[in-house]
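Below is one structure, written out as structure tokens; comments come after it.
The values are calculated or read from the model by the stated rules, or taken from the named source; none is laboratory data. Predicted model only: the values in this text are computed from it and were never measured. Because the Cβ atoms are built from the backbone with ideal geometry, glycine has one as well, and the counts that use them run over all protein chains shown. Side chains are part of the model used for accessible areas, which takes the heavy atoms of the whole protein and leaves out ligands, DNA and RNA. Shrake-Rupley method; radii C 1.70, N 1.55, O 1.52, S 1.80 Å.
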Amino acid sequence: MSAPAPTLVPVLRDLAATPFEAQVIAALPVDADDDPTPRAVPGVSLSRARPTPVVSPQLLAWSDALGEELGLARPAPGSAALAILAGNALAPGMQPYAARYGGHQFGRWAGQLGDGRAITLGELPSPMGDGAGATAYELQLKGAGMTPYSRHADGRAVLRSSLREFVCSEAMHALGVPTTRALSLVGTGEAVLRDMFYDGNARTEPGAIVCRVAPTFLRFGNYEIHAAFGERESLQRLVAHTLRRHYPHIDASDPAAPLHWLSEVCERTAVMVAHWMRVGFVHGVMNTDNMSILGLTLDYGPYGFLEGYDPQWTPNTTDAAGRRYAYGQQPQIALWNLSRLAGALRPLVDGDDGLHAALERYRDVFGRAHRTMSAAKLGLGSLAEPGDVEWLDELYGLLAATETDMPIFFRQLSALVPGVGAASARGDDAALLAPVRAALYDPDTLDAALAARWRQWLSRWQRRITHDLTHEKSSAELIVARMDAVNPLYLPRNYLAQEAIDAAEQGDLAPLQALMRVLQRPYAAQAGCEAYAARRPEWARQRPGCSALSCSS
Ligand code: AMP
Ligand code: MG
């Protein structure tokens, strides 16, 4: 009799018994003063800061996927691990700190900002060892209390914004978009006072803490502040640390190392923004203090996903007038932000030519990534034929002409691949326009002229696919599979997150759990989950939080 095949059960550790490191503390200039009172902290890269304990921690959500990657077990109620995630205790080796950074906010230098409510607990050596990915992951609590960088605020975060960050971090990861992760969402049992509409009507809301995870949370602003205050030695130490810890393949002794590094930051940022454009993500607050030096999506605030296609759309009501951070602005804003980082590196390099050359990498890589992803969304091998640029412009013009849900249109388009699916087999007019009709918010807006333009566009698309099928010997099924792998079916649309928030505020966590489950596999059709793939309902159009949001968090 043969023995049953062994099943692989990951060995998950107790966070409270897991040893942490604090290499960053030894590597960077640290504030000599332990006083948590908000103040200017010149010269240093970080200040030691202890989380402020909370009265009644409750685990509201846990990412099983990330827990397994880190080898950490879901904490039990009342456990020491839960106390750590609430800021009430520390694991061995943790030396918590708040980082000092500045930033350009809405185009203007804002001076010292820093981790006003985020406290990094420590570095967890990667359970995979040095071979795969990062060598260590930082665990950071957001909403853990005051630090020297809290300025006039309370160091806390509300459940609504914390739940949004938790959900979207993990959803973006599943979408294949580079991002910081989220391990846990903990209710504090304490009330937090917020003026959500900035209209003088503050109210108390439940407080919460997200435990974020990334190889580092360093932002452009960490480098900018040293440059802005003429802190050359601190800047040098910070860059040296960044290279050693996060870009070890760059030879730090090469005088051009900062330029090689900047080039890579440009490349990673370009890839990240191309993914944002692919899935319709709008960050909402692309200030330089929210730009990761690893090219990870960082700081989920008033973000949103495009529903009706509109390059001028932003979910952030604070940006409604200027629309600086609208969907279509993101590629050029990322470059503007990178230019601020390049400016901060001036003290470390000879002349500006190398910096300009590094910034050019952004244009090259973004252009290429965006073209490749656009082609993939359409199921095409490339978009390099004469007239393709105009043809794509026509598509986006049509999507914008009437309120047409971008994700739904692209997802439905694969049903028209010749040779697969009911829609392509029928070949009639109704079938051809089906992806458009499925995505329209108001069917009456599709007048005869627009319908004719759509027919023309879609017919050409079908001819292109047919051409690729015959010449590349690819199968229709393969093309559909490729399209469905880049056009998500499920997204954390703002109204879905808001429904989970409404329930969670009433103590019902089931909608949050259901949403997290669906978003873990955003490209695979899941039985019974049709509602999550639908157009935003009409009631959600004007309700705060469901489409547009303020920065209040
Ligand atoms: P954000 O809009 O979350 O990216 O934050 C911008 C800056 O304001 C950062 O320096 C934050 O640390 C700080 N900040 C935001 N909210 C708070 C808060 N409730 N308490 C302290 N600092 C905050
Ligand atoms: Mg921020």
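Short-range pairs are left out: with C-alpha atoms under 8 Å and at least six residues apart, the relative contact order of the chain is 13 percent. Measuring from centroid to centroid over Cα atoms, what is the spacing of segment 40-112 and segment 236-315 in Å? Their Cα centres are 21 Å away from one another.
Across the options ILE501, SER169, LEU12, the greatest Cα extent toward the positive end of the charge dipole of the chain (unit charges at beta carbon of Lys, Arg, Asp, Glu) belongs to ILE501. Each label was represented as a point 7 Å from its Cα along the Cα-to-Cβ direction; for GLU68 and ARG541 these points are 4.2 nm apart. Taking every protein chain into account, the 1.4 Å probe leaves SER374 with about 10 Å² of accessible area, to the nearest ten. Simple point charges give the picture: +1 on the Cβ of Lys and Arg, -1 on the Cβ of Asp and Glu, and for the chain a dipole about the Cα centre of about 200 debye.
With a simple spin-label model that places each label point 7 Å from the Cα along the Cα-to-Cβ direction, the separation between GLU530 and ASP350 comes to 6.8 nm.
Spatially, segment 169-202 and segment 424-498 are offset by 34 Å when compared through their Cα centroids.
Ligands, DNA and RNA are left out, and with a 1.4 angstrom probe the accessible area of segment 24-222 is 35 Å² per residue.
Using C-alpha pairs under 8 Å with a sequence gap of at least 6, the mean separation divided by the residue count of segment 130-179 gives a relative contact order of 21 percent. Under the rule a/c < 1.5 gives rounded, and otherwise a/b versus b/c splits prolate from oblate, where does segment 24-222 land using the Cα gyration tensor? Since a/c stays below 1.5, the shape of segment 24-222 is classed as rounded. Once the 1.4 Å probe is applied to the protein heavy atoms, segment 441-553 comes out at 49 Å² accessible per residue. A simple charge model with +1 on the Cβ of Lys and Arg, -1 on the Cβ of Asp and Glu and nothing else charged puts the dipole of segment 292-349 at about 320 debye relative to its Cα centre.
Charge dipole of segment 388-471 (Cα centre as origin; +1 on each Lys and Arg Cβ, -1 on each Asp and Glu Cβ, all else neutral): 380 debye, rounded to the nearest 20.
Atom-type composition of the exposed protein surface of the chain places 55 percent of the accessible area on carbon and sulfur (1.4 angstrom probe).
Placing a pseudo-label 7 Å from each Cα along the Cα-to-Cβ vector at GLU403 and ALA357 gives an inter-label distance of 5.0 nm.
The ARG39 and PHE229 beta-carbon pair, evaluated with R₀ = 25 Å, returns a calculated FRET efficiency of approximately 0.95. Ordering of 327-340, 33-46 by packing is 327-340, 33-46, highest average first (other Cβ atoms within 10 Å, averaged per residue).
Per residue, the accessible area of segment 240-342 comes to 29 Å², computed with a 1.4 Å probe over protein heavy atoms only. Electrostatic tally near ILE250: other residues with Cβ closer than 11 Å to its Cβ, Lys and Arg +1, Asp and Glu -1, net -2. Measuring nothing but how far apart in sequence close Cα pairs (under 8 Å, 6+ apart) lie, relative to its length, segment 388-471 scores a relative contact order of 33 percent.
Rg/Rh for segment 273-412 (Cα atoms only, Rh after Kirkwood) is 1.00. Taking 0.890 mPa s as the viscosity and 25 °C as the temperature, the Stokes-Einstein diffusion coefficient of the chain based on its alpha-carbon Kirkwood radius rounds to 99 µm²/s.
Annotation: Cα Rg of segment 181-311 relative to the compact-globule expectation 2.2 N^0.38 Å equals 1.32.
Here the extension length gained between GLN236 and ALA17 equals 75.3 nm, from 0.36 nm per residue of separation less the Cα-Cα distance. Packing here is the average count of other Cβ atoms within 10 Å per residue, and on that basis the peptides 443-451, 296-304, highest first, run 296-304, 443-451.
Positive contributions from Lys and Arg (+1) and negative ones from Asp and Glu (-1), summed over other residues with Cβ under 11 Å from the Cβ of ALA451, come out at +1. Give me log10 I(q)/I(0) at q = 0.11, 0.14, 0.23 Å⁻¹ for segment 132-214, Debye formula, one equal scatterer per alpha-carbon, no solvent. Log10 I(q)/I(0), no solvent term: -0.35, -0.55, -1.11.
Just to confirm a number: summing +1 for Lys and Arg and -1 for Asp and Glu over residues other than GLY93 whose beta-carbon lies under 11 angstrom from that of GLY93, what do you get? Cβ neighbours under 11 Å give a net charge of -2.
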